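The values are calculated or read from the model by the stated rules, or taken from the named source; none is laboratory data. Computed from a predicted model, the values in this text were never measured in an experiment. Note: ideal-geometry Cβ built from the backbone for every residue, glycine included; neighbour counts use all protein chains shown.
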């Protein structure tokens, strides 16, 4: 269970040093929603004028807090904003009780922070189908407000974990028009990870200034190339939420800045990769680059088919360069492919081309690549210019261990 | 590897007694295509006038023998027919060499049996991407022809196994117009099992008489309700082939017989279930009945989403009635669903209704059902009359054990 799993062998060495983002403060508490002896509720408060953009799961059974957040995005407001997240209970498939719990929490946060309820965003992550004991959250609200600190983002990252084996953070500082703007983000997620949207809970804060519509457009496009390109187990959460808050406190407008867009992309990709690296039971980080397809969508379909194939994922776990299973996964995906124009590489080793094993292929070369903990598979369909890159992890005994007994 | 795995705990007690089908004979040999010390090539010979129908994988990277069989089906012929199958090598993604190997084997079988080449059907199952050592097959052809016996179908069932832990056979005898007609079939398959088509290699023989077009129509429709409703790991083989041979030797025309159609359905469903029961690492046989959907296709989409969800499959392995994961899998499937009209049963226990846990639900009831080795999950979408039933197995450490080291 959460907190008792060994740290992923693919984890970064340490949580990064995240700079303070002007205009946002954090606090976290041990509320005992489900877990005990650990932080499990976090509250972030953003300054007046903050623009909030978001991307959410497309699940038909999405959770009550997701539905509430979706209804609130896009509204114009000069008020500040609050983001409250609990771990341990997803408040998903909890019927009317779930909707009521969200309303109660939102209203109590609004009272405690002097914000309008439509500027209070919540998320819940954990077990599905059990009522959320919202009083365990609300009784800590005044403490959460009192304890707010600009530098407490690491506590917030820890408070949103479930089966994660490490907290996830990423940051970029970029110059726009001669001034620094900063982006810092946190994420949780290790299983029930697949597009759409990707994954999990992600909160990113920047002191840049951007209006809500432009920020939403940028965030949506960037999510498609980052969080929507990762998969751990092909299972899509009912709670996936990504919020990006731009406080504007730096005074720097980044609306047309490519440098800012690149930096935001870097933060989102870093967090997305960290989620994959914490994939339940993962021992290998796997990059699947698909090129030469009839269009980008076909490349994405092939890439996800390879990334989600249990046979490919177990072969990688076994360090077996079993490229036949990659052929199988491309063949089954439903997107256009031609056996006789397909080429496959493991690492830098060309293993198959023109419908058969390459004449230069030596299995020991591919086998050597499979010993790494960062595996690169490239598939070229030889049919066009469409491309996509998908990131995933292997499928191991650890995944079975974690998921055959999640609720106990 | 093949032959060394322990017999599936879900296996039937013994291979069934299969009656002789007039008009067909069998033989099998230890050819050493890849395995040693076991039968690995089988030849079945059907009498002149036999109608052959088939269903094959839709993979874009399907194997050379599949392409060859597909090209031959549907032709009218009064000649007999031969079916030759090897295990150990799939002859898939083997380029020009693969096509040549099929042609060589077909021509040599035709010579040895005095049949036209377009009445010789072959299949290969096993590792993908390695050249088929076809001389290891062809050098045994005269022995395979000489050894033909009407009663040797069990040897044929054994010869086509790869990671199967038991040979699979099924039979039905049915009265049509006062006369008995018999159907006997064999199958192999335990991993890389998913629609379409389902699965694996299946050969069914009957002494009924039916013209090819009518037989093809019946077989295609019945495959959609049997082999195309099973999944082990969502991975679709490049070699999946189902052939049904109607020798006509009983003299009984079954073209409009519902009894025959029902009996054929029973044989196909029995074999399909046996494949699931031999799913790699399986410890639970799982039936997912989906009702109340907007149409049958939506029900099938929901059923397959539940059946292929690693989180559902691992929960079943852990005997955890984690119905929240069923909600998740329905939500992500993409087919229409409404959280508030969804109902879910584990066994006979109603666990969720109207968007939340049922007021009558006691977890110990569902938990008791999960201890069985035949798990029944029912999902009702409350939206219409569409329904489908999907069969699968759980996802266990055994699947990882088998597939992280398949080629060694």
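Brief remarks on what is shown
- Boolean, residue A:374 is away from chain B (no Cβ under 14 Å) and free of Cβ contacts under 8 Å to residues at least 60 places away in the same chain: no
- Among residues of segment A:332-348 that are at the interface with chain B (Cβ under 7 Å from one of its Cβ atoms), those with a beta-carbon under 9 Å from a residue that is surrounded by fewer than 24 Cβ atoms within 10 Å (Cβ to Cβ) and assigned to a helix (DSSP H, G or I) at least six positions away or on a different chain give the pairs A:337/A:298; A:339/B:95.
- Scanning segment A:377-401 for residues that are more than 18 Å from residue A:308 (Cα to Cα) and within 12 Å of chain B (Cβ to nearest Cβ) returns A:381, A:383, A:401.
- For residue A:107: the one exception among (1) buried (at least 20 other Cβ atoms within 10 Å of the Cβ); (2) touching a helix residue (DSSP H, G or I) at 6+ places or on another chain (Cβ under 8 Å): (1)
One line per residue, one yes/no per condition, for (1) more than 18 Å from the chain's Cα centre (by Cα); (2) assigned to a loop (DSSP other than H, G, I, E, B); (3) not assigned by TED's automatic domain parsing to the domain that holds residue B:77:
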{"residue": "B:224", "(1), (2), (3)": "no, no, no"}
{"residue": "B:245", "(1), (2), (3)": "no, no, no"}
{"residue": "B:251", "(1), (2), (3)": "yes, yes, no"}
{"residue": "B:259", "(1), (2), (3)": "yes, no, no"}
{"residue": "B:265", "(1), (2), (3)": "no, no, no"}
{"residue": "B:302", "(1), (2), (3)": "yes, no, yes"}
{"residue": "B:311", "(1), (2), (3)": "yes, no, yes"}
{"residue": "B:316", "(1), (2), (3)": "yes, no, yes"}
{"residue": "B:334", "(1), (2), (3)": "yes, yes, yes"}
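- Residue in segment B:174-191 that is nearest to residue B:240 (Cα to Cα), counting only those that are modelled with pLDDT under 95 and touching a helix residue (DSSP H, G or I) at 6+ places or on another chain (Cβ under 6 Å): B:189
- Scan segment A:29-73 for residues that are closer than 22 Å to residue A:114 by Cβ and either outside the structural domain of residue A:220 (by TED's automatic domain parsing) or without any contact (Cβ under 8 Å) to a residue 60 or more places away in the chain (or both) and the total you get is 4.
- The set of residues in segment B:286-299 that are buried (at least 24 other Cβ atoms within 10 Å of the Cβ) and in a helix (DSSP H, G or I) contains only B:299.
- Top-ranked residue in segment A:76-92 [being touching a residue at least 40 places away in the same chain (Cβ under 8 Å) and more than 22 Å from residue A:164 (Cβ to Cβ); ranked as nearest to the other protein chains (Cβ to nearest Cβ)]: A:81
- Test: residue in segment B:357-375 that is under 25 Å from residue B:223 (Cα atoms) and touching a helix residue (DSSP H, G or I) at 6+ places or on another chain (Cβ under 8 Å): yes
- Selection within segment A:328-351 - farther than 19 Å from residue A:296 by Cβ and in contact with a strand residue (DSSP E or B) (Cβ under 7 Å, 6 or more places away or on another chain): A:344, A:345, A:346, A:347, A:350, A:351
- In segment A:336-347, the residues that are part of a strand (DSSP E or B) and touching a helix residue (DSSP H, G or I) at 6+ places or on another chain (Cβ under 6 Å): A:344, A:346
- Of residues in segment A:115-134 being over 13 Å from residue A:98 (Cα atoms) and more than 14 Å from chain B (Cβ to nearest Cβ), the one nearest to the chain's Cα centre (by Cα): A:121
- Segment A:242-276, residues that are under 24 Å from residue A:5 (Cα atoms) and surrounded by 24 or more Cβ atoms within 10 Å (Cβ to Cβ): A:271, A:272, A:274, A:275, A:276
- The number of residues in segment A:348-368 being crowded, with 19+ Cβ neighbours inside 10 Å and outside any strand (DSSP E or B) comes to 3.
- A count restricted to segment B:311-324 and to residues that are in contact (Cβ under 8 Å) with a residue 12 or more places away in the chain and facing chain A (nearest Cβ under 7 Å) stands at 5.
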